[in-house]
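The structure under discussion appears below in the form of structure tokens.
The values are calculated or read from the model by the stated rules, or taken from the named source; none is laboratory data. Model, not experiment: these values are computed from the prediction. With ideal geometry, Cβ positions are generated from the backbone for all residues, glycine too; neighbour counts draw on all protein chains shown.
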Number of protein chains: 4
Amino acid sequence: MRILTAGESHGEYNLAIIEGFPKGVKIEESFINSELRRRMSGYGRGARMSIEDDKVCIVSGLRNKITLGSPIAVLVKNRDSKISSRKKDNLPALNVPRPSHADLAGAFKYNDKDVRNILERASARETVSRVCTGAICKQFLSQFEIKIAGFTLSVGGVRCTKLPKNISEIRRSTKNSLLNCPDSSAEKKMIKAIDNCRKNKDTLGGVIQIRIEGVSAGIGDFTHFDRRLDARLAYYLMSIPAVKGFEIGLGFEYSRRKGSLSHDSIYYSPRKGFFRKSNNSGGIEGGVSTGEPIVCRIAMKPIATLQKPLDSVNLCSLKQTKAVVERSDTCAIEACGVIAESMSAFVLTELFLDKFGRDSLSDIKSNYRNFLKSRKKRFS
Amino acid sequence: MRILTAGESHGEYNLAIIEGFPKGVKIEESFINSELRRRMSGYGRGARMSIEDDKVCIVSGLRNKITLGSPIAVLVKNRDSKISSRKKDNLPALNVPRPSHADLAGAFKYNDKDVRNILERASARETVSRVCTGAICKQFLSQFEIKIAGFTLSVGGVRCTKLPKNISEIRRSTKNSLLNCPDSSAEKKMIKAIDNCRKNKDTLGGVIQIRIEGVSAGIGDFTHFDRRLDARLAYYLMSIPAVKGFEIGLGFEYSRRKGSLSHDSIYYSPRKGFFRKSNNSGGIEGGVSTGEPIVCRIAMKPIATLQKPLDSVNLCSLKQTKAVVERSDTCAIEACGVIAESMSAFVLTELFLDKFGRDSLSDIKSNYRNFLKSRKKRFS
Amino acid sequence: MRILTAGESHGEYNLAIIEGFPKGVKIEESFINSELRRRMSGYGRGARMSIEDDKVCIVSGLRNKITLGSPIAVLVKNRDSKISSRKKDNLPALNVPRPSHADLAGAFKYNDKDVRNILERASARETVSRVCTGAICKQFLSQFEIKIAGFTLSVGGVRCTKLPKNISEIRRSTKNSLLNCPDSSAEKKMIKAIDNCRKNKDTLGGVIQIRIEGVSAGIGDFTHFDRRLDARLAYYLMSIPAVKGFEIGLGFEYSRRKGSLSHDSIYYSPRKGFFRKSNNSGGIEGGVSTGEPIVCRIAMKPIATLQKPLDSVNLCSLKQTKAVVERSDTCAIEACGVIAESMSAFVLTELFLDKFGRDSLSDIKSNYRNFLKSRKKRFS
Amino acid sequence: MRILTAGESHGEYNLAIIEGFPKGVKIEESFINSELRRRMSGYGRGARMSIEDDKVCIVSGLRNKITLGSPIAVLVKNRDSKISSRKKDNLPALNVPRPSHADLAGAFKYNDKDVRNILERASARETVSRVCTGAICKQFLSQFEIKIAGFTLSVGGVRCTKLPKNISEIRRSTKNSLLNCPDSSAEKKMIKAIDNCRKNKDTLGGVIQIRIEGVSAGIGDFTHFDRRLDARLAYYLMSIPAVKGFEIGLGFEYSRRKGSLSHDSIYYSPRKGFFRKSNNSGGIEGGVSTGEPIVCRIAMKPIATLQKPLDSVNLCSLKQTKAVVERSDTCAIEACGVIAESMSAFVLTELFLDKFGRDSLSDIKSNYRNFLKSRKKRFS
């Protein structure tokens, strides 16, 4: 499976082409739109979010809502760009790079002192395409009872103490949350922290936990290092703007524990088959899924654009100045969670197809059933 | 640039082919061998390490020590495998998967109850090929004054308090260390912790910090998510066996800080050009190198094989049993650091060639000089 | 550089995303549209061509007509699809596979007896995206004085006897041709052959010759087989629907000649540098451009859809029947030539960037100049 | 599946790593060696062939002759290189590029006037690795009754008139041939032509036909142009040194025929299922296998090195001179056929795995059976 995304912040569309997606999968645009809505929501978002009423338009790859096996192209119109004065062509040059953005590094790379030419693509607006892709992949995975859910574990150091045990609990406990947070008392403190930051023109980040259920053992591979499931998850999750850390299972906590308190012993019962009493590995051993839920976390840095601007330099005059102040979020942790779910869905779909073949959903289902059946009869 | 590795733990060779490496680079086998020696060393290693006196043999891609531009093939003979009773063909079947290894997940994947067929390739022995590759890439990068050094930041929760400020300090302070640790008093406690663990038949992991100096701004890319330098580093570093966490710059600490205390303001002086007073970003903004040192960390889990074996199940009888006890390390943090340096060297070489072209070192040098010069004259 | 295309014959759009294209290249939509017009023209085309008044819309990757380095997305609206009764969703099932199309093989592959689900994507309509891509690549290549031109060498066995010697001659001699044919007396016979075929409800193919001028020596590579320029050209040109043969230089004629009459001896003059008196190799030796013009040919089979339908079978009833008769061309040799130029432009751009680096046009130009200069001073 | 090859003409080894090959396939080294022997044989070969008694050594990826799913590494020692005076390090510089070789283009590319540094890798010796790879792939394909056989269709313009109808006939009729030619009276004339050429210090090429039987319908794809089976075959076959033309089915003959005499009508009988009475398409329609035998042809140019040397130029003195005369073949058509079979086997294995999944032979077999069964029950 291959994916390419395109689109700038003030361009006409954000779009993606997903190539190699199987035939026969029913795709609901309404589900993609609901995921896009989740991407726009969350406490701490700024003014642009109200403009961004994103709706997907699938322009190829479907016939009567069913995938054809041909490349799927999704378009999301940028409402912002309709007003011609906001079109990227007309926007004035911007010569002051914003710290913690791609602006200055991009100016070096592309030899351009108008950082507008950098930030248009480096914008988080691009993640719209990834959420569409993820929402399509989720509809494939759901055919195999694979579910993905992320939640906010901490914001600005305020951490949940009550953690959901499975995806139903995640869904139930975050349903009415403004921050996709399962612990309502922690959430109150998070909101307070965000309010404080907004007042002080500051910003916050946090930690997101992703849980994936229903992945059979055997996805990913140890035979070549770049095929490992954990490495692929890290690759795609670390590609999300503002994400600066990734861990799976115990993650960094592993570095503090002894082996005897770290590893997941193996058990068997005729009813459950092979199972573990702990899941410290986060569902992946040797780069391959174990059949236990996959659990990983990512760290998001605080929003880069502050209303109390940071020091910067004008690339033309080389004079010290302040970074430009523009509308922005105080905290966008909920959006980041949706994007992380989306990237996880993409990685899993790709490796699932690698293992179980391609082309038509009915063939893949039959291959998958055979796989499960042959393993149930014990290994050969 | 492409790389493939091959080889099993008890096979005749571990090997790699590196394709797309430029012509004209002088490669010293002695340097590769010294890196292989570093991979074998460190306090807490087991019996196999004394057998593994690895020597590289470069069988293609060089003429009179200079690269030809053709694929470079490296071979490392497994001394162990010389004794025919230790050849993988003759080794007895192993039906008890070891927890925290690829054994059980691999048995599912490949439908095999003899986990010997899994562990031969899932073995950390495979990293020999990666260290050779890294040592070759380092010799390319050194032509551009790019240096990579890792050190042990913590072992089993014991953490350095004295941190080196740059690569010369890393090299100086770790020179006589048994654990690649720059803080000698922390190291004493680490050694004690390892001794304790060995006595108790337990194991330890730790945290490694990698520092890369001399990377100009502009390596990596924000224009497509899978081209980001941080994502690529995460991909390759998380592919190292036993690595379960990755962070860059402040990493997870970002999630606890406010934006105003997180982002690296931008300054300029005629002498230094653009610079920062802090490097919280770890040298990467928007997926692109900033010109500041790249700093990242990985978390290593404790060695999976314990001398006090964990619970497991026999895949034939389905009876509960204990995992096999075999010679193993108590802690292999130093080796992990060398492998992490190697993977970093590979990622950087790949993205460096992407930016500055291929084929011959002299052309690449000339392209690189032009790049630096054109940016010095300010951006166009 | 990566490219993905999407779109079905009766979908809303055909589109492409081109990723990895350098920054700083001026792109004229008018040139792309003129290439799209060439794709629609030629003697022997059917009714659909008059509907297909294709106009490109570039929705990302440009600002004020200059590329940004971010992915370029091109959209071409299918005018046909505007009439809702012609939308692919509403079109009736089609159960009779057409010989020489993907219909039956696709039905097997995707397990679908409604071949409408196959032919929507297998349609030659998809080449619209490739022509857009090629027209963009040509605008990059023209910055380096690289020119590509194809012409019709034969139609249905009628072959040009007067051949143009270079691209200016190709352009001049085909300017007023209805078949992109440089030999007006051969063209008359070709038109007659097409007229005869149309009358007899039959179809024709032909041979196209592609000539590329201005490619410096050194593009492509022999160090790994999949990097060879001739292999890449063959790959992409053979991917054009209806193309069933490819040859470079003397091609199949080589198999009949002796070596002494086949190979291009090497000469040198201070003015010309190294040169050849013949170009039997078609400008490529050992998979690498020699600096001589690149010359290759492709064979196009006759249009698959006949007005006098071929035998086929109904996939539901399994009864013998006739293939569906639908509007179609008698000969589409001119379109095929435009597509072949486009794919050649893509291959060359890709390998050019591989050699001379990426990111910004000004850097690439400077790298290219250095390359030429260093080779002029003789080899080092 | 990925493959990398390495090795120079006077290096110690030629080798390949094949990654992504399934587990559970029995691999006979003796079969690989017999393919290597075929590569060395044929009337018209030179002196080196007697030195090249190639034997493969599989150093990873197998246990007790069965593939493990881990990368397979094959090594072939260059006997030539044992004599230290023939080691590439010690060989003298060569400053006269040989026409029709990569020498001059490579000198430009890599900026090197010692063309020894080019020709060591550009040598046809590299195809040893490809033959090993193909022989491994053939052993996979034979599990699915897929057979590949090539034969010599013409040499220097002398063409077979008696053509074998299927692979058994190819095997039977070429068994005692010195040129892998099925038509013994044509072969006599070919041998005469070769003898004449040798006497006149000239060389010859020819045409090879490849036939593949047992490929089910549905391999390859039309959904994205670079997935087409015919394009992939062209890519890999055109990557063989000296191959300058490729055609499938009628190939260039298509360009001379009318549609009504070109396309393969579709028929059905309860016993045979869908079938054709002709196979002009060469077993591929729309880039997908039809289930009919795959038939393609390649054109080989005459051996580049003549004993009556061509004109060339000394890269140091820039003086006109004669190309170096070295031991070489007069005709190597049989070797080229073996390499073409090998590349075809690789392409098919890759696309077969794409369609039917990976990992273990037993899973792939079960997936394949399901596919065939579901299509037999008519399409769904």
(request) For A:ASN176, work out the one condition from (1) within 18 Å of A:SER41 (Cβ to Cβ); (2) touching a Phe, Trp or Tyr at 6+ places or on another chain (Cβ under 9 Å) it doesn't fulfil. (result) (2)
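Picking from A:LEU310, A:LEU315, which residue would you name as being in contact with a strand residue (DSSP E or B) (Cβ under 8 Å, 6 or more places away or on another chain), modelled with pLDDT of 95 or more and either facing chain B (nearest Cβ under 7 Å) or surrounded by 24 or more Cβ atoms within 10 Å (Cβ to Cβ) (or both)?
On the way: A:LEU315 fails: in contact with a strand residue (DSSP E or B) (Cβ under 8 Å, 6 or more places away or on another chain).
After applying the criteria, what remains is A:LEU310.
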(request) Kindly provide the set of residues from the range D:183-232 that are of a type in the set (S, T, N, Q) and more than 30 Å from D:SER328 (Cβ to Cβ), ordered by number. (result) D:SER216, D:THR223
(request) Test each condition in (1) within 21 Å of C:GLU341 (Cβ to Cβ); (2) out of contact with any Gly (no Cβ under 9 Å at 6 or more places or on another chain) for C:LYS65 and report the one that comes out false. (result) (1)
(message) Among the residues in the range D:336-359, are any within 30 Å of D:GLY205 (Cβ to Cβ), touching a Ser or Thr at 6+ places or on another chain (Cβ under 6 Å) and not aromatic (Phe, Trp, Tyr)?
(response) yes
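For C:GLY251, are the conditions met, namely being surrounded by 24 or more Cβ atoms within 10 Å (Cβ to Cβ), within 7 Å of chain D (Cβ to nearest Cβ), at pLDDT 95 or above and in contact with a strand residue (DSSP E or B) (Cβ under 9 Å, 6 or more places away or on another chain)? Let's see the steps before the verdict.
Numbers: surrounded by 24 or more Cβ atoms within 10 Å (Cβ to Cβ): no; within 7 Å of chain D (Cβ to nearest Cβ): yes; at pLDDT 95 or above: yes; in contact with a strand residue (DSSP E or B) (Cβ under 9 Å, 6 or more places away or on another chain): yes.
So C:GLY251 does not fit the description; no.
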(request) Return only the number of the condition from (1) more than 24 Å from D:LEU62 (Cα to Cα); (2) surrounded by 24 or more Cβ atoms within 10 Å (Cβ to Cβ); (3) within 18 Å of the chain's Cα centre (by Cα) that B:ALA16 does not satisfy. (result) (1)
(request) Filter the range A:96-137 down to residues that are at the interface with another protein chain (Cβ under 9 Å from one of its Cβ atoms) and either out of contact with any helix residue (DSSP H, G or I) (no Cβ under 9 Å at 6 or more places or on another chain) or polar (S, T, N, Q) (or both) and give me whichever is nearest to A:PRO22 (Cα to Cα). (result) A:THR127
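Please tell me if C:CYS336 is buried (at least 19 other Cβ atoms within 10 Å of the Cβ), in contact (Cβ under 8 Å) with a residue 12 or more places away in the chain, in a helix (DSSP H, G or I) and away from chain B (no Cβ under 14 Å). Explain how you work it out, then say what you get.
Details: buried (at least 19 other Cβ atoms within 10 Å of the Cβ): yes; in contact (Cβ under 8 Å) with a residue 12 or more places away in the chain: yes; in a helix (DSSP H, G or I): yes; away from chain B (no Cβ under 14 Å): yes.
Yes; evaluated as a whole, the condition is true for this residue.
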(message) I'd like to know if the range B:175-198 contains one or more residues that are more than 14 Å from chain A (Cβ to nearest Cβ) and under 18 Å from B:ASN279 (Cα atoms).
(response) no
(message) I'm checking my understanding of the structure. Among residues of the range A:169-183 that are out of contact with any Cys (no Cβ under 7 Å at 6 or more places or on another chain) and over 18 Å from A:ALA345 (Cβ atoms), which one is surrounded by the most Cβ atoms within 10 Å (Cβ to Cβ)?
(response) A:LEU179
(request) Would you mind stating whether D:LYS244 is over 13 Å from C:HIS101 (Cα atoms), assigned to a strand (DSSP E or B) and either in contact (Cβ under 8 Å) with a residue 12 or more places away in the chain or within 7 Å of chain C (Cβ to nearest Cβ) (or both)? (result) yes
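Looking only at the range D:265-290, count every residue that is surrounded by fewer than 24 Cβ atoms within 10 Å (Cβ to Cβ) and facing another protein chain (nearest Cβ under 7 Å) and tell me the total. Give the steps one after another, and end with the answer.
Residues of the range D:265-290 that are surrounded by fewer than 24 Cβ atoms within 10 Å (Cβ to Cβ), as a first pass: D:265, D:267-280.
Cutting the leftovers down to facing another protein chain (nearest Cβ under 7 Å) gives us D:265, D:267-268, D:274.
Final tally of qualifying residues: 4.
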(message) Tell me the residue from C:LYS258, C:LYS301 that is at the interface with chain D (Cβ under 7 Å from one of its Cβ atoms), basic (Lys, Arg), touching a residue at least 60 places away in the same chain (Cβ under 8 Å) and touching a Ser or Thr at 6+ places or on another chain (Cβ under 8 Å), please.
(response) C:LYS301
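Kindly indicate whether any position in the range B:72-87 is over 22 Å from B:THR321 (Cα atoms), touching a Ser or Thr at 6+ places or on another chain (Cβ under 9 Å), at the interface with another protein chain (Cβ under 9 Å from one of its Cβ atoms) and at pLDDT 95 or above. First the steps, then the outcome.
Here is the first cut: in the range B:72-87, the residues over 22 Å from B:THR321 (Cα atoms) are B:72-87.
In the following step, the residues that additionally are touching a Ser or Thr at 6+ places or on another chain (Cβ under 9 Å) were identified as B:72-74, B:76, B:78, B:80-81, B:87.
Checking which are at the interface with another protein chain (Cβ under 9 Å from one of its Cβ atoms) leaves us with B:72-73.
Within this subset, residues satisfying the condition of being at pLDDT 95 or above are B:72-73.
Checking the range B:72-87: at least one residue is over 22 Å from B:THR321 (Cα atoms), touching a Ser or Thr at 6+ places or on another chain (Cβ under 9 Å), at the interface with another protein chain (Cβ under 9 Å from one of its Cβ atoms) and at pLDDT 95 or above.
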(request) Go through (1) β-branched (Val, Ile, Thr); (2) surrounded by fewer than 20 Cβ atoms within 10 Å (Cβ to Cβ); (3) within 7 Å of another protein chain (Cβ to nearest Cβ) one by one and return the number of the condition C:THR321 breaks. (result) (3)
(request) All but one of (1) surrounded by 24 or more Cβ atoms within 10 Å (Cβ to Cβ); (2) farther than 22 Å from A:ASP359 by Cβ; (3) among the hydrophobic types (A, V, I, L, M, F, W, C); (4) within 23 Å of the chain's Cα centre (by Cα) hold for C:LEU68, so report the exception by its number. (result) (4)
(message) So, in the range B:1-33, how many residues would count as being touching a Leu at 6+ places or on another chain (Cβ under 8 Å), under 14 Å from B:THR133 (Cα atoms) and among the hydroxyl-bearing types (Ser, Thr, Tyr)?
(response) 1
(request) Test each condition in (1) within 12 Å of chain A (Cβ to nearest Cβ); (2) under 24 Å from B:ASN279 (Cα atoms) for B:PRO293 and report the one that comes out false. (result) (1)
